[in-house]
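Novice: Handing you a structure now.
Any read-out appearing in this document is the output of simple, stated calculations on the displayed coordinates, not a laboratory observation. Since this is a predicted model, take the numbers as computed values, not measurements. All Cβ positions, even for glycine, are placed from backbone atoms using ideal geometry, and neighbour counts span all protein chains on display.
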């Protein structure tokens, strides 16, 4: 995961790729927690926050 400052420096295409990757990671985290494969359920919250940051940066660019 990148910091907010790093996200602001990225171009729109790179942000879209980062968003796609983050969403895939969120799905994987949800699956792993649901099937008791992951011990850290807080990763879901972190992933959601990261996705929100990416979307905020994307919306501010336009």
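Novice: Can you name every residue in the range 40-51 that is free of Cβ contacts under 8 Å to residues at least 12 places away in the same chain and closer than 24 Å to residue 15 by Cα?
Specialist: Within the range 40-51, 42, 45, 49 qualify.
Novice: If you take the residues of the range 40-51 that are touching a helix residue (DSSP H, G or I) at 6+ places or on another chain (Cβ under 6 Å) and closer than 16 Å to residue 5 by Cα, which of them is surrounded by the fewest Cβ atoms within 10 Å (Cβ to Cβ)?
Specialist: Only one residue fits best here, namely 51.
Listed here are the residues, each with its yes/no results for (1) surrounded by fewer than 11 Cβ atoms within 10 Å (Cβ to Cβ); (2) in contact (Cβ under 8 Å) with a residue 24 or more places away in the chain.
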site: 11; (1), (2): yes, no
site: 16; (1), (2): no, yes
site: 19; (1), (2): no, yes
site: 25; (1), (2): no, no
site: 31; (1), (2): no, no
site: 38; (1), (2): no, no
site: 53; (1), (2): no, yes
site: 56; (1), (2): no, no
site: 59; (1), (2): yes, no
